[in-house]
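A quick write-up on the structure given underneath.
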Amino acid sequence: MLVVLAFIIIFHITSIALLFISTIDNAWWVGNNFYVDIWRTCVNTTSNVACTEISSNNEYFQAIQAIQATMILSTILCCIGLLSFVLQLFRLKQGERFVFTAIIQMLSCLCVMIAAAIYSAMHEQFHPDPDIKDGTFGYSFILAWIAFAFTLINSIMYLVLRKRK
């Protein structure tokens, strides 16, 4: 049982790291000489990198804010889930353990899914500049979907683990 708990903790910490990286790093949409995240757009010129914040005059600013909010909320919920897991491990009796943690992880999973789905559905509209439209999804976007899978699997593991001794 101790090995299972250690595996779950490592899996949960990996989920948190993936969420932090995908939220902070700037590689949601990349091309030859630009990279875009949910916070700013950066264009490589011959001498330097010019970054501009995604501002409120963008017509899809509310959708971008929704993506930002759900990614931040997902990361916070995943961190709270780890804390509640550790607290529930020693405080609750068998059968009652980890239900709260599983619910928190499901909410985190839902938040990251919403953010990644909005971004994938609207990515071309976010970037009206024709130079930025010719790109591909970057590794931060892919990490967000991997974090979705990890948090979903983690929440299912907590529900299965709640009955074990």
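Some observations on this one:
- Scanning region 28-59 for residues that are under 22 Å from Ala116 (Cα atoms), open to solvent by less than 70 Å² (accessible area, probe 1.4 Å) and more than 13 Å from the chain's Cα centre (by Cα) yields a count of 11.
- Among the residues making up region 87-119, those that are over 12 Å from Ser155 (Cβ atoms) and either among the polar types (S, T, N, Q) or without any contact (Cβ under 8 Å) to a residue 12 or more places away in the chain (or both) are Leu87, Gln88, Phe90, Arg91, Leu92, Lys93, Gln94, Ala117.
- Hey, Gln94 modelled with pLDDT under 85 and under 22 Å from Met71 (Cβ atoms) or not: no
- Extreme residue, modelled with the highest pLDDT, among residues of region 109-158 that are under 19 Å from Ala63 (Cα atoms) and among the hydroxyl-bearing types (Ser, Thr, Tyr): Ser140
- Looking across region 73-86 at every residue that is touching a residue at least 12 places away in the same chain (Cβ under 8 Å) and open to solvent by 70 Å² or more (accessible area, probe 1.4 Å), the one that is farthest from Thr136 (Cα to Cα) is identified as Ile80.
The values are calculated or read from the model by the stated rules, or taken from the named source; none is laboratory data. Quick caveat, the model's predicted, so the values are computed rather than measured. Positions of Cβ are generated from backbone atoms using ideal geometry, with glycine treated the same way; all protein chains shown enter the neighbour counts. Each accessible area value is taken on the protein alone, full model and side chains, heavy atoms only, with ligands, DNA and RNA left out. Shrake-Rupley method; radii C 1.70, N 1.55, O 1.52, S 1.80 Å.
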